[in-house]
Amino acid sequence: MFYINETYESSSSEEVLVIGLFEKEGFVPAVNEIGPQLYEQLTGLKRKGRITAKQGACTVLYPSARQPAEVVYIIGLGARDDYPASSFQEAVAIAVKKARTDKLKRLALVAESFCPSTVTMERAAYLVGEAVALSAYERIDYKAKTNERDIHLEAITLITAETSLQQELERGFRFGEGVNLARRIANAPGNLLTIDDFIEEAQRIAERHRYQYDLLGRSELEKLALGAMVATAGAGDEAVKLLTLSYQGNPSSAETVALIGGGLVDGSSVERAGAAAVLAALEMIGSVRPAANILAVLPLAERRLGSPAIRQGNVIRTLSEKTIEIANEGAEEGLLLADGITYAKQLGATALIDVASFGGTIRSFTGEVMTGAMTNHPVLLERVQAAAEHTGEKMWCLPNEKQYRQLLAASDLADLSYPCRQAESIGNGLFLGEFAGSTPWVHLDIGGTALQSCPSPLQPKGATGVSARTLAYSIILH
């Protein structure tokens, strides 16, 4: 799908040439190298105000005869000093979406014209590949369709003098497709996604990347005393499973990082976003196979209508021996993760990173912009923050003061009271920290960022796949 050429020839099979343009700047020398007449024509049109460099604008031109390109897209990039990597990717996404709208299959992009001054060409190639995948994703709907055939890009050529970027282009695309996997899982209607469907996807990933794989059902969970997980299912109900995948990329290392994400598979998109993010991270990590030891723990359940399994006032004994009094509705995700964290420690995890949504309670703090983070280990948090910065995902640290722990101590019957209804995001995060104990731990609350209400060039409305890349790069970059 991806190709690299040093220049664009009139005999090239690409149907459209894409050029970026910054405000108050001219076209880059690479455009002149493609064709001096094309360069002069574009410069003249810009001088006359026929071409705009306003960020996000797309000007479509049909150059005069004997020019190298029949169709040219000029993508406005705005001011160079206000041009982060995310804007670079959005500019690529605008071109990709426009080509699809115009039913074009092959596109050539002048890399030099888009690349931020702070980004190497190698990194730019990765960002292009990732942007192509992210912008191509469309949420499946179940409305009646016309018979019109969809057109998808078949080839993208990067025009650059640096011809050794193929690997980064393809790697970026694979990671973008990993995010799309998380989006697909989270966006699926609850009645069309079962635990078995999720497990089948996990099995495919395990086989493809040679992960060790284990699955526990209700009877095994009862024998192992994972009482919090069992409590999420009704009496005799098999709709609760614990899935683990592991990878030993560095047997000589004593470190094993556990990625923990679970939830209600047939619930809302946000309720399964944590599990989707961990599974997507495994897909990305498997394509790189870093020298690291990884354990993924995915505690899963299905919600049963009618008679709920968990009632207010119930007291539950967890795998850690801590007891929990159920104070309010909406306890399922926290209970699943409580036992999941303890189980990861029993399997030898030396560091823990969990992903949870808690029903989106953090939205009142962060909206849809930032993922909440909490930790008992600043060094591990720095590692996760570096990964988030690398991917462009934003994080905001939740307070971890002792006074907040009083929210968990409200029960006269049990060790912990859960879920919290004051300072919910903080209290519920600290609840998971009780099970992490002294093991280095980072909690990511994606309740605000897991869903996007307004579409963008890289992100349609709906599930975002947030934190999948952060989890993957917290392993890969370390």
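The values are calculated or read from the model by the stated rules, or taken from the named source; none is laboratory data. Computed from a predicted model, the values in this text were never measured in an experiment. Cβ placement follows ideal geometry from the backbone for every residue including glycine, while neighbour counts extend to all protein chains displayed.
Within the range 340-393, the set of residues being on the phi > 0 side of the Ramachandran plot and not small (G, A, S) comprises F358 only.
One line per residue, one yes/no per condition, for (1) free of Cβ contacts under 8 Å to residues at least 12 places away in the same chain; (2) buried (at least 24 other Cβ atoms within 10 Å of the Cβ):
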position: Q312; (1), (2): no, no
position: I316; (1), (2): no, no
position: E321; (1), (2): yes, no
position: A327; (1), (2): no, no
position: L337; (1), (2): no, yes
position: I341; (1), (2): no, yes
position: T350; (1), (2): no, no
position: D354; (1), (2): no, yes
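Go through the residues of the range 209-229 one by one and say whether even a single one is surrounded by fewer than 14 Cβ atoms within 10 Å (Cβ to Cβ), farther than 19 Å from D339 by Cβ and at pLDDT 95 or above. Yes, the range 209-229 contains a residue that is surrounded by fewer than 14 Cβ atoms within 10 Å (Cβ to Cβ), farther than 19 Å from D339 by Cβ and at pLDDT 95 or above. Scan the range 248-261 and give yes if some residue there is farther than 19 Å from G447 by Cβ and buried (at least 21 other Cβ atoms within 10 Å of the Cβ), otherwise no. Looking for residues that are farther than 19 Å from G447 by Cβ and buried (at least 21 other Cβ atoms within 10 Å of the Cβ), one finds at least one in the range 248-261, hence yes.
Of the residues that sit in the range 367-394 and are more than 13 Å from the chain's Cα centre (by Cα) and of a type in the set (G, A, S), which one is surrounded by the fewest Cβ atoms within 10 Å (Cβ to Cβ)? Checking each candidate, the answer is G367.
Conditions (1) modelled with pLDDT of 95 or more; (2) part of a helix (DSSP H, G or I); (3) surrounded by 21 or more Cβ atoms within 10 Å (Cβ to Cβ), marked per residue:
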position: E148; (1), (2), (3): no, no, no
position: R174; (1), (2), (3): yes, yes, no
position: V179; (1), (2), (3): yes, yes, yes
position: R183; (1), (2), (3): yes, yes, yes
position: A233; (1), (2), (3): no, no, yes
